[in-house]
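To start, the structure itself, in structure tokens.
The values are calculated or read from the model by the stated rules, or taken from the named source; none is laboratory data. These numbers come from a predicted model, not from an experiment. When we count neighbours, we look across all protein chains shown, and the Cβ atoms used for this are built from the backbone with ideal geometry, even at glycine. The area values use the complete protein model at the heavy-atom level, side chains included, leaving out ligands, DNA and RNA. Shrake-Rupley method; radii C 1.70, N 1.55, O 1.52, S 1.80 Å.
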Amino acid sequence: MNIILLGPPGAGKGTQAQRLVERHGMRQLSTGDMLRAAVKAGTPVGLEAKAVMERGELVSDAIVSALIGEELDAMGPTVGAIFDGYPRTAAQAESLDAILAGRGRTLDRVIELAVDEDALVERITGRFTCANCGKGYHDKYEQPKVAGVCDKCGSTEFKRRPDDNEETVRTRMAEYRAKTAPILPIYDARGIVARVDGMAAMDEVTAAIEGIMAA
């Protein structure tokens, strides 16, 4: 099965993708990760992308399409793909159709993790982690059992990501809406879009996604 998993930063998309990888042996295809890996490995597409980035230019759709094609070829025909961060435009959606068709694949589902913006802002801006072991906490939902002391390692040092602030989160949400708006109607017309409550508990979201994939 080949799916697109949509959701703004903080919606839990990465967690759900990893669970699909673990449960079904699927491959998560994140264009950013693939570009970095291709550049590091020095593949033909990676070298082309590196030259473009070194000029300070954006990597073209053609390069990204070639990169996705390489990954699909390396995966083999029986491994399902989870597309993350691609496509973001109508043109990229059309390219993905061609890439998949050329390899005897089809896009089976587009699953969107729907979120409430205000609740998502609260979820993200409240996050903090132990500076020593990385255990995650939240101002409202998961405080250390002893105030100021990490449950896992006993450290008293904590940190927050500098971009976990309201202004940045709302900017990301606006960008997400702008980028997904052009492609959702395309897939809605095909009847392959399913929406899941991304604000539900992680296990509930996982169960909903499993139900969609099994249908």
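Just to be sure I understand the model, the point goes 7 Å from the Cα along the line to the Cβ. What's the resulting SER60 to VAL79 distance in nm? According to this spin-label approximation, the distance is 2.8 nm. Of (1) 150; (2) 173; (3) 119, which one was derived for volume of the Cα convex hull per residue in Å³ from the structure shown? The calculated read-out lines up with (1). Quick one: if you stick a label point 7 Å off each Cα along the C-beta vector at ALA214 and TYR141, how many nm between them? It works out to 2.4 nm between the two label points. Summary of the geometry: the stretch 1-45 and the stretch 113-154, compared by the centres of their Cα atoms, lie 24 Å apart.
In the chain, Cα pairs under 8 Å separated by at least six residues give a relative contact order of 27 percent. With R₀ set to 35 Å, the beta-carbon distance separating THR106 from MET53 gives a calculated FRET efficiency near 0.65. Rolling a 1.4 Å probe across the protein heavy atoms gives the chain an accessible surface of 52 Å² per residue.
Of the listed residues GLU48, GLU112, GLU94, GLU117, the order by accessible area with a 1.4 Å probe, largest first, is GLU94, GLU48, GLU117, GLU112. Helix-only arithmetic for the chain: the sum of -39500 (n - 2.57) across DSSP H runs with n ≥ 4, divided by the residue total, places the mean residue ellipticity at 222 nm at -15000 deg cm²/dmol.
Using only side-chain charges placed at the Cβ, +1 for Lys and Arg and -1 for Asp and Glu, the dipole size of the chain relative to its Cα centre rounds to 400 debye.
In whole percent, how big is the carbon plus sulfur part of the accessible area of the chain, probe 1.4 Å, protein atoms only?
Details: 5840 of 11270 Å².
C and S fraction of accessible area: 52 percent.
How much FRET efficiency would the formula 1/(1 + (r/R0)^6) give for ASP151 and GLU117, where r is the Cβ-Cβ distance and R0 is 25 Å, rounded to 0.05? It comes out at approximately 0.25. Computed from the C-beta positions of THR168 and GLU70, the FRET efficiency with R₀ = 22 Å rounds to 0.10. Only lysine pairs 8 or more places apart, or on different chains, with alpha-carbon atoms under 26 angstrom apart are counted in the chain, and they number 14.
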